[in-house]
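Structure first, commentary second.
The values are calculated or read from the model by the stated rules, or taken from the named source; none is laboratory data. Computed from a predicted model, the values in this text were never measured in an experiment. Positions of Cβ are generated from backbone atoms using ideal geometry, with glycine treated the same way; all protein chains shown enter the neighbour counts. All accessible areas refer to the heavy atoms of the entire protein, side chains included, with ligands and DNA or RNA removed. Shrake-Rupley method; radii C 1.70, N 1.55, O 1.52, S 1.80 Å.
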Amino acid sequence: MTQHDERWMLNRLIAICRDGERGFRYAANHVRNPTVKALFLEIASQREQFASNILPYAQRLGGASESDGSFAGALHRGWMTIKDTVGGHEDAAIIREAERGERIALGAYEDALDGMLPPSARDTIEKQCAEVRHSHNRVHALLVRE
């Protein structure tokens, strides 16, 4: 892994959370199953809160970047749009993409915990990582049911 500084790592997590928020809101608006819709909206709100919780730590290191998410996140949402259009709004395809996004988010959190984090932020990031892992498991469980 390339060495990055603490600010970069926190900004990356903020971007991942913002990507997750937008991705889950998009997915919630395109699934038919009301239970899945509610779960996706819950996770979207959680990611919005996670970004807000990390922001002060990044600002203490010189300010957070003005990122509204990452290029990769925009591509992922674009891919979801294409799959949704081609798949005729198939819930299973949207759930698969949501699970893939959660896997990526979990990897980013694990990288952050293995990398450079300000000691003051570590507890927050550890708690968020546990929640992302839980959310990933919940979304993954939807795949088993489909």
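With the checklist (1) modelled with pLDDT under 95; (2) among the polar types (S, T, N, Q); (3) open to solvent by 60 Å² or more (accessible area, probe 1.4 Å) in hand, flag the one item Asn137 doesn't pass.
Condition (1) is where Asn137 drops out.
Yes/no matrix, rows are residues, columns are (1) closer than 27 Å to Arg145 by Cα; (2) of a type in the set (Phe, Trp, Tyr); (3) at pLDDT below 95:
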| residue | (1), (2), (3) |
| --- | --- |
| Glu42 | yes, no, no |
| Gln46 | yes, no, no |
| Phe50 | no, yes, no |
| Gln59 | no, no, yes |
| Gly63 | no, no, yes |
| Glu66 | no, no, yes |
| Phe71 | no, yes, yes |
| Ile95 | yes, no, yes |
| Leu106 | yes, no, no |
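Could you list all residues from segment 1-43 that are part of a loop (DSSP other than H, G, I, E, B) and among the β-branched types (Val, Ile, Thr)?
Passing the criteria: Thr2, Val31.
Name the single residue that is farthest from Ala112 (Cα to Cα) among those in segment 18-31 being without any contact (Cβ under 8 Å) to a residue 60 or more places away in the chain and of a type outside the set (Lys, Arg).
Ranking the qualifying residues of segment 18-31, first place goes to Asn29.
Please find, within segment 113-131, the residue that is nearest to Ala58 (Cα to Cα) out of those that are open to solvent by less than 60 Å² (accessible area, probe 1.4 Å) and at pLDDT 95 or above.
The extreme case among them is Ala121.
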